[in-house]
Amino acid sequence: MMNNILIIKQTGPEGKPVNKVFIQGCIESKRELYLAILLDRESKGPFIFASNQGGMEIEDVARDTPDLILKLPVDKASRKSFIQILNTIVNQTNYQDCKCLQKMMFK
C-alpha cells in the first residue's frame, strides 16, 4: 500500500498517493458506530456526523438509508457542550455505551 496510489470513492478515479499508514491494534468490538466531525461547506462551520450503522461503507448508508445518518451542527453561538452532543447521538442512534463514546471523543 505504501508509496502506491489509493483509488476509492473518496479519492475519485485519479486516486491519492499513500504516504502514511496508521496501524491500530486488534480490539474486539460489540458494535460499530460511525462518528466524524466535519466542516460543512454551506454554513462554513463544524457538524457531527453519526450513524449506528458504522463500518467502512458510510457513503452507501448515506445514499441508501439517509434517515440512519445523524447530522448535528455545532453552533458556536449556543456553546452546546460535547456532552450534550454525545447525549443526542446516544439517544438518536440507540448507542448505549456513552462512556466508550466519550472516551473516543476526548482521547
Residue hits (the stretch 1-60; among the β-branched types (Val, Ile, Thr) and in a loop (DSSP other than H, G, I, E, B)) are Ile7, Ile8, Thr11, Val18, Val21, Ile23, Ile27
Any residue at all in the stretch 80-89 that is modelled with pLDDT under 70, part of a loop (DSSP other than H, G, I, E, B), surrounded by 10 or more Cβ atoms within 10 Å (Cβ to Cβ) and on the phi > 0 side of the Ramachandran plot? no
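The values are calculated or read from the model by the stated rules, or taken from the named source; none is laboratory data. Predicted model, so just to flag it, every value in this text is computed and none were measured. Don't worry about glycine lacking a Cβ; one is built from the backbone with ideal geometry, like all the others, and counts go over all protein chains shown.
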